[in-house]
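**Student:** Got a structure for you, questions after.
The values are calculated or read from the model by the stated rules, or taken from the named source; none is laboratory data. Being a predicted model, the structure only gives us computed values, none of them experimental. Backbone-built Cβ (ideal geometry, glycine too); neighbour counts: all protein chains shown.
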């Protein structure tokens, strides 16, 4: 008789199954992912990327873990722990790559430096000879160089002699030992700065001097970061930063703009005092202008990369851009086909969300969520990982966005990237980074599900004894009941199902079904039973366990009648 009653109760949402009369407890450990057809019985279709276990490993062949044990392996983290992990994942090595300022073919064409040894006014020593000179010999050599450079240009042949000497110095300065001896002076940056400032209208001169000034600034910043001498001996005048900021402005030659942006990019990669010199209120807008108005892709990438590295020190630079041009214009850059630009934009959005600046505005922006999810279709693991990181922070601050994410196929993208990592050493670091970001996102979604079910049950309980719900209660139902689709999305996923199906989940599911099928809830039954139809198909292989978990109360005549 019990079997017949349960059969009638389950016809309403798709199951026609007969259960044994035994009311013994169900075995949740049997709710394992589905297996591939014609494959090894111990082989799962999906593997979490955070556990890159071979498909034939002993881990896959071991006895199935109980759900409680599985969840204990992924313990809940405090909000502070999650934020610290996110902070560690925002910037990766590829975000902080350094490229040369001098002799960079993407900035300007490299012209080979040639000199005539017969015209030199100083001994034509090789770089090995110069590096081995004694102190008094080196001082004498430098005095000869200075004497030639300070000579009167009115003398016949003086300009040609100076140019030939400078070309010789360029050739020997390409070696580390000689370069260190030539440039080991606190006057170098000051002299270059004054030359650029006094001849600022001379574009050709700026193109020649800016790379040298930039390399010096970067050298000083890196040595200060490492706390190595002679960094403490080099004083950088404020005029150097002023000159470089002027070179970023509108109206300069593209080569000058590009060189200045490259200097900002390299120096701000370091965590040093000298990087603070570029953190002004207008630097963000100046770099954004170069990014949006330049016709050279390499300059655009350098400008947005420099802005990204400045945002590492202060998100105020990126905030000023959003305040000035508007969030929609900034979001449109995510649709550009340049991967470096997409990676920088995702990095800055992650940094801004973590800092709390514009937090409520960003987490309510549906266009941000949809554009970020589209980036999950791209081939770059780093971009996909950063997209998951942005979505994680949005969901941490706005649970309502989870339904939009699920409807936009987020669960499918998570399943795809959670599979076994592709082989190859070159992809190992990217896959590891992707795995860490995915692990945080999966863990957060799993932790949010009980609250979603709780809201639905609370909304149904508020109207359980009312024939006609009030306006507030009806509004609450309309907000909560559609989120039942989230449960369907997660339960159909072989990544999420083993982590969400436990005693509490099945108990809540049974309580939800009873409330939905109650006589007075007929007005809202259709919204939820549609999802239950899908759930019944998913759990057809495990219906014995799940139906035992529903724990129908046969003594309730109203439930039996509705069945």
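**Student:** For segment 150-181, which positions are modelled with pLDDT of 75 or more and under 11 Å from residue 119 (Cβ atoms)?
**Tutor:** 160, 161, 162, 163, 164, 165, 167, 168
**Student:** Could you please find all residues in segment 100-118 being assigned to a loop (DSSP other than H, G, I, E, B) and more than 16 Å from residue 212 (Cβ to Cβ)?
**Tutor:** 105, 106, 109, 112, 114, 115, 116
**Student:** Pairs needed: first member in segment 86-97, in a loop (DSSP other than H, G, I, E, B); second member anywhere, at pLDDT 90 or above; C-beta distance under 7 Å; at least 6 residues apart or different chains.
**Tutor:** 91/312; 91/347; 92/382; 92/433
**Student:** For residue 441, only one of the following conditions fails: (1) modelled with pLDDT under 95; (2) under 30 Å from residue 476 (Cα atoms). What is its number?
**Tutor:** Exception for residue 441: condition (1).
**Student:** Between a residue in segment 108-119 that is under 25 Å from residue 298 (Cα atoms) and any residue that is modelled with pLDDT of 75 or more and outside any loop (DSSP other than H, G, I, E, B), which pairs come within a Cβ distance under 7 Å, given they are 6 or more apart or on different chains?
**Tutor:** These pairs meet every condition: 108/207; 108/255; 113/167; 113/170; 113/171.
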